[in-house]
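Structure, as structure tokens:
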Amino acid sequence: MLIQWYPGHMHKASKEIKAILPEIDLIIEVLDARIPFSSQNPMIGKLRGDKPCIKVLNKSDLADPELTPHWQDYLEQEQGVKTLAVTSGQPEKIRQITALCHKMVTKRAGEQIHALIMGIPNVGKSTLINILAARTIAKTGNEPAITKMLQRIDIGNGIILLDSPGMLWANLENKNTGYRLATAGAIKDTAIQHDDIAAFLAEFLLQHYPETVKARFQLTQLPEHEAGLLEVIGKQRGCLRAGGKIDGDKVAKIILSEFRTGTLGKMTMETPAMMVQELAELEIIRAEKAAKKLLRKQKRK
């Protein structure tokens, strides 16, 4: 399934961000620690230039603790980037963002730092803003696309935050990126097929966290394929239709919910090595598309 979700307010916010970027001193990008690469907005890399950037790996309590430091090392290889792994239950650590802003941006006495904060939908950005501001400003909720427009927020300590809506990008070229975003809850559920996303997650679990799956569902032996795993879980949880058939949508929602809440365990869906490989494969696909386009153009002459 091709996954694309780019509502009109995201397109509008994208244009507004491009317009205000010259006024911005620093970018704070909130990432999902379970998908640090897939949750990065490629627009940032294209437009940031030499502006400093803090990449906040939020929901780190749900991510694989062994992989998060590797991701921080990988991300900080980029010039001008610093990282911070946090959870909403660590307000003191989140407030370190303020000190980091002042460390990365030099201003004269009395001058304010203008920081753009952005991230994918449902990444927990609004909760972070409320902690930084020490008051409830941004509306929060466990669903994507709550913030709809750019907001200017004075969080004190000489910092003005420009809060953008949770944003995706118009073209999710890497199919796996779309699936990972959907699995993590960044894409509205009405825009996806639950059974398709759950099959992707089940395949990932069998390949990368087999022992965790065994323990969670009390299995002595794992099925060979994702369909078998979903069927086993469906039978365990009573997701049955008339005639004893598995209710695919019901079991899909269960496994997705357990992943998103961390009930399945602390998991990270990608590694730097995986991303290097996927990017190389994507370059091949782009080259093939470009060659086909050129061939069609030549035939029309």
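The values are calculated or read from the model by the stated rules, or taken from the named source; none is laboratory data. What you see is a predicted model; the values in this text were computed from it and never measured. Note that each Cβ is placed from the backbone with ideal geometry, even for glycine, and that neighbours are counted across all protein chains shown. Protein only, heavy atoms only, side chains kept; ligands, DNA and RNA dropped before computing areas. Shrake-Rupley method; radii C 1.70, N 1.55, O 1.52, S 1.80 Å.
For (1) out of contact with any Asp or Glu (no Cβ under 9 Å at 6 or more places or on another chain); (2) β-branched (Val, Ile, Thr); (3) surrounded by 17 or more Cβ atoms within 10 Å (Cβ to Cβ), each residue gets a yes or a no:
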site	(1), (2), (3)
Gly166	yes, no, yes
Lys175	yes, no, no
Gly178	yes, no, yes
His194	no, no, yes
*Determine, yes or no, whether Glu92 is modelled with pLDDT of 90 or more, open to solvent by 20 Å² or more (accessible area, probe 1.4 Å) and among the acidic types (Asp, Glu).*
yes
*Give me the pairs: first residue in region 268-283 and in a helix (DSSP H, G or I) and surrounded by fewer than 13 Cβ atoms within 10 Å (Cβ to Cβ), second residue modelled with pLDDT of 90 or more and of a type in the set (D, E, K, R), beta-carbon distance under 6 Å, and six or more apart or on different chains, which are they?*
none
*Any hit, region 46-69, residues being modelled with pLDDT under 95 and not in a loop (DSSP other than H, G, I, E, B)*: yes
*Across region 254-267, what is the number of residues that are assigned to a loop (DSSP other than H, G, I, E, B) and either open to solvent by less than 60 Å² (accessible area, probe 1.4 Å) or within 20 Å of Ser39 (Cβ to Cβ) (or both)?*
5
*For region 36-54, indicate whether the set of residues that are in contact with a Ser or Thr (Cβ under 7 Å, 6 or more places away or on another chain) and open to solvent by less than 40 Å² (accessible area, probe 1.4 Å) is non-empty.*
yes
*asked:* Quick check on region 15-28. Is at least one of its residues in a loop (DSSP other than H, G, I, E, B) and either of a type in the set (D, E, K, R) or closer than 25 Å to Lys266 by Cα (or both)?
replied: yes
*asked:* Anything in region 68-85 that is closer than 15 Å to Val56 by Cβ and polar (S, T, N, Q)? List them, or say none.
replied: Thr68, Gln72, Thr83
_I'd like to check something: does region 217-232 contain any residue that is charged (D, E, K, R), over 27 Å from Leu67 (Cβ atoms) and open to solvent by 30 Å² or more (accessible area, probe 1.4 Å)?_
yes
*Hey, which of the helices (runs of 4 or more DSSP H) in region 151-253, taking only ones fully inside, have at least 1 residues that are within 21 Å of the chain's Cα centre (by Cα), at pLDDT 95 or above and not aromatic (Phe, Trp, Tyr)?*
175-184, 194-208
